[in-house]
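Some notes on the structure that comes next.
The values are calculated or read from the model by the stated rules, or taken from the named source; none is laboratory data. This one's a predicted model, so the numbers in the text were calculated from it and none came from an experiment. When we count neighbours, we look across all protein chains shown, and the Cβ atoms used for this are built from the backbone with ideal geometry, even at glycine.
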Amino acid sequence: MKTYVILGATSDVGEQFAYEVARSEKENCQLLLTARSPERLAPLKSDLEITTGASVETLAVDAMDIQSATKYLGPWAEKADWVALFLGYLGDQEEAQNSGEEASRIMQVNYNGAVQLLDIFARSFATKKQGTIVGVASVAGLRGRQSNYYYGSAKAGFIAYLSGLRNRLYHQNVHVLTVLPGFMDTKMTADLDLPGPLTAQPDQAARHIFRSAKKKKNQVYVLPIWRWIMLIITTIPEGIFKRLSL
Amino acid sequence: MGKAQQIANWGMYPQVQAKVAELGYTDELQTFVKTEEELLARGNGRCYGDAALSTTIFSTLKLNKILSFDPTSGVMACQAGVLLSSILEVVVPKGFFLPVTPGTKFITIGGAIAADVHGKNHHSEGCFSDHVLSFDLMLSDGQIITCARNENPDWFWATVGGMGLTGIIVQATFQLKPIETAYIRMESIKAQNLAEIMSLFEASEDWTYTVSWIDCLQKGKHIGRSIMMRGEHATIDELPPKFSGAPLSLKPKMNLNVPFQFPSFALNTLSVKAFNFLYYHKQRQKQLNIISDYDTFFYPLDAIHNWNRIYGKKGFTQYQFVIPKEVSREGLEEILRTIAASGQGSFLAVLKLFGKNNPEAYNSFPFEGYTLALDFKINRSLPKLIAQLDELVQKYQGRIYLAKDAFSVKHSDLIIPNLPENRKFTSLQQTRLATQA
């Protein structure tokens with residue numbers, strides 16, 4: 001019986017990832033779902049158990065409170081085979097520019113928190129010499145833009161962390177997957193008008209992520225087109241880039 | 001919260017601009033309900049007309065979790081946005097079926113309660129509400145109350161068939177019914193006219209499921225030409241050997257899709273007449289006895305995704321009424337004559353005999369008598385025909401079904417639900433009916 005830990009299971013992709021895993025493993029898996037408000041996980045837990053037969057536990061984990069997260073996640077890290085981190089905080093760029101509090105919250109959740117949470121699992125996976133780690137970053141981390149550079153820079157740091165971690169744990173038989181979503185049709189972007197062909201649906205994203213991790217891919221875009229979009233965005237010379245309004 | 005969208009229900013008429021919020025958590029929903037001045041909950045939009053439409057909509061589709069299921073008693077609790085199709089996937093393999101189901105499984109539990117849906121077993125097993133044990137209703141101040149026959153019964157009875165106007169159904173608990181197999185033993189019998197089909201209905205009262213397709217373009221002595229379908233859940237002994245090995249599972253079937261909207265001239269009197277002719281004569285024997293899987297028996301149209309597109313981009317409406325049994329013969333004849341004379345053919349016309357109603361469920365549509373459901377393509381002369389039909393339904397003291405209605409003008413006294421003081425939850429349909437009254 002395999003144990004999967006899903007950090008940020010109330011995110012749309014996190015939820016769909018739970019279904020993806022549970023539908024493929026059925027009774028043969030145990031899922032630990034975490035979220036800031038665990039009461040929101042109760043319906044998801046019952047539905048997963050009734051529709052797939054998987055056994056599901058829930059836990060309150062807040063990326064702003066690593067101390068208690070470490071305490072409760074420690075025992076789970078011991079028995080987990082997989083950990084997948086979906087939590088994130090888009091925040092408000094303008095507010096972050098004007099208030100250190102919002103800026104630090106964006107950095108804490110998307111970088112410090114994310115890194116420290118995965119480290120709990122990285123330590124025990126390294127000892128066990130097995131495991132799979134999935135980190136969901138963002139294409140926003142590939143180049144800072146005026147519209148969301150606090151979020152982008154935190155994700156950039158997270159991308160660098162995942163690549164370093166992959167490099168180190170490769171020798172310990174632990175696999176690390178970096179996921180780079182572009183636009184996704186989720187709660188995070190519910191009020192934005194996103195272009196259809198460039199926007200991934202959460203279930204589609206979750207399927208792609210699960211499949212890529214099983215195939216031991218290193219870094220994947222959720223929609224392949226984003227590889228080419230980001231290729232263009234990252235090759236624009238800085239002298240031109242700074243004049244653009246992206 | 002929410003995104004501006006152009007939306008319409010299954011009839012694709014009317015199309016309206018609305019702000020739609022899809023929220024998956026009751027705490028978010030509470031905040032939303034407190035902030036908005038007017039709103040309405042909407043499920044999967046499988047009603048036909050302007051029910052479930054409003055300028056501000058809470059879509060229940062993310063409240064899509066099953067909360068509990070007891071495979072011994074068959075009691076299930078789920079959130080309001082769970083589709084009947086999702087429930088069937090879980091419960092059929094465990095030997096249970098929906099107690100009442102309409103002709104599509106792509107509706108939500110919240111919608112089933114709000115419209116108090118009925119099915120082919122109305123005469124034997126009542127409406128959906130007859131099997132609902134309780135539900136949680138969010139009121140205009142965000143407060144959630146549990147409603148059952150012995151707990152907030154006023155809210156319970158106002159909400160079943162209340163078309164969403166009492167509040168937002170958040171979750172519900174209901175009783176499923178046990179089945180031995182996923183198959184239906186069915187008989188299909190041709191009737192040459194109205195008298196014959198009506199006596200068939202009356203002779204079939206002991207069958208759990210009865211319904212008939214009726215050709216409403218026939219005139220004179222063929223008026224009411226139809227095919228009666230009646231069925232029972234098949235027992236294991238009744239299954240042919242190829243099914244009895246795995247009696248509760250169905251093989252996945254190929255689904256068809258209508259990939260684009262048909263031009264609006266595709267359906268005309270001639271093509272509908274041709275369809276009706278073929279449909280009636282496809283069955284050569286007078287009576288056919290077969291074992292059918294539940295999907296084919298209950299949900300034949302669900303196998304054709306987007307079938308509503310065959311009506312073209314102007315869309316269509318469905319008109320469904322019921323008239324008392326005592327005057328059904330006379331009333332149906334007059335109504336069918338009016339429709340045939342109008343030449344506005346409906347190729348999906350369904351006739352059924354309802355059983356006695358539960359007087360406590362005062363907002364529910366069905367009562368004892370014949371019900372006829374007809375599809376009409378939207379066109380300039382349709383409102384006139386509907387007005388004529390309204391007159392006739394009123395004359396025979398009938399009632400129309402709000403989950404289908406888009407045009408009706410005469411029935412506001414019969415159909416505006418009698419609700420407790422609560423005006424936050426409003427629908428375009430309610431506004432239309434109230435202004436016309």
Qualifying residue in segment B:73-83 (condition: within 18 Å of the chain's Cα centre (by Cα), in contact (Cβ under 8 Å) with a residue 24 or more places away in the chain, under 28 Å from residue B:311 (Cβ atoms) and more than 14 Å from chain A (Cβ to nearest Cβ)): no
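Of the residues B:19, B:34, B:65, which is surrounded by fewer than 19 Cβ atoms within 10 Å (Cβ to Cβ) and within 14 Å of another protein chain (Cβ to nearest Cβ)?
Working: B:34 fails: within 14 Å of another protein chain (Cβ to nearest Cβ); B:65 fails: surrounded by fewer than 19 Cβ atoms within 10 Å (Cβ to Cβ).
Going through B:19, B:34, B:65 in turn, the sole match is B:19.
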Filter pass, residue B:86 being without any contact (Cβ under 8 Å) to a residue 40 or more places away in the chain, touching a Cys at 6+ places or on another chain (Cβ under 9 Å) and under 21 Å from residue B:252 (Cα atoms): yes
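Evaluate segment A:65-85: report whether one residue or more is among the aromatic types (Phe, Trp, Tyr), in contact (Cβ under 8 Å) with a residue 60 or more places away in the chain, in a helix (DSSP H, G or I) and more than 14 Å from chain B (Cβ to nearest Cβ).
Taking segment A:65-85 as the starting set, the residues that turn out to be among the aromatic types (Phe, Trp, Tyr) are A:72, A:76, A:82.
The next check asks that each one be in contact (Cβ under 8 Å) with a residue 60 or more places away in the chain; those that pass are A:76, A:82.
Of the ones still in play, those that are also in a helix (DSSP H, G or I) are A:76.
Add one more test, that the residue is more than 14 Å from chain B (Cβ to nearest Cβ), and what stays is A:76.
Taking every residue of segment A:65-85 in turn, at least one turns out to be among the aromatic types (Phe, Trp, Tyr), in contact (Cβ under 8 Å) with a residue 60 or more places away in the chain, in a helix (DSSP H, G or I) and more than 14 Å from chain B (Cβ to nearest Cβ).
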Verdict on residue A:104 being out of contact with any Lys or Arg (no Cβ under 6 Å at 6 or more places or on another chain), of a type in the set (Gly, Ala, Ser) and away from chain B (no Cβ under 14 Å): yes
Pair list, Cβ under 6 Å, 6 or more apart: segment B:331-357 residue under 15 Å from residue B:321 (Cα atoms) and modelled with pLDDT under 90, other residue outside any loop (DSSP other than H, G, I, E, B) and acidic (Asp, Glu): B:346/B:375; B:348/B:375
Test: residue in segment A:88-105 that is in a strand (DSSP E or B), modelled with pLDDT of 95 or more and surrounded by fewer than 23 Cβ atoms within 10 Å (Cβ to Cβ): no
Whichever residue in segment B:37-58 is crowded, with 21+ Cβ neighbours inside 10 Å and more than 16 Å from the chain's Cα centre (by Cα) and, among such residues, is nearest to residue B:108 (Cα to Cα): B:41
Selection count, segment B:195-218, where residues are at pLDDT 95 or above, of a type outside the set (Gly, Ala, Ser) and touching a Ser or Thr at 6+ places or on another chain (Cβ under 9 Å): 11
Near pairs, Cβ below 6 angstrom, 6+ apart or cross-chain, from segment A:117-129 (in contact (Cβ under 8 Å) with a residue 12 or more places away in the chain) to any residue that is surrounded by fewer than 24 Cβ atoms within 10 Å (Cβ to Cβ) and among the charged types (D, E, K, R): A:124/A:78
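From A:20, A:57, A:39, A:49, which residue is part of a helix (DSSP H, G or I), more than 14 Å from chain B (Cβ to nearest Cβ) and acidic (Asp, Glu)? Working first, answer last.
Values: A:57 fails: part of a helix (DSSP H, G or I); A:39 fails: more than 14 Å from chain B (Cβ to nearest Cβ); A:49 fails: more than 14 Å from chain B (Cβ to nearest Cβ).
None of the others qualify; the one that does is A:20.
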Conditions (1) more than 19 Å from residue B:382 (Cβ to Cβ); (2) at pLDDT 80 or above: number failed by residue B:261: (1)
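Take the conditions in a loop (DSSP other than H, G, I, E, B) and either at pLDDT below 95 or under 28 Å from residue B:368 (Cβ atoms) (or both) and apply them to residue B:221. Does it pass?
On the way: in a loop (DSSP other than H, G, I, E, B): no; either at pLDDT below 95 or under 28 Å from residue B:368 (Cβ atoms) (or both): yes.
So residue B:221 does not fit the description; no.
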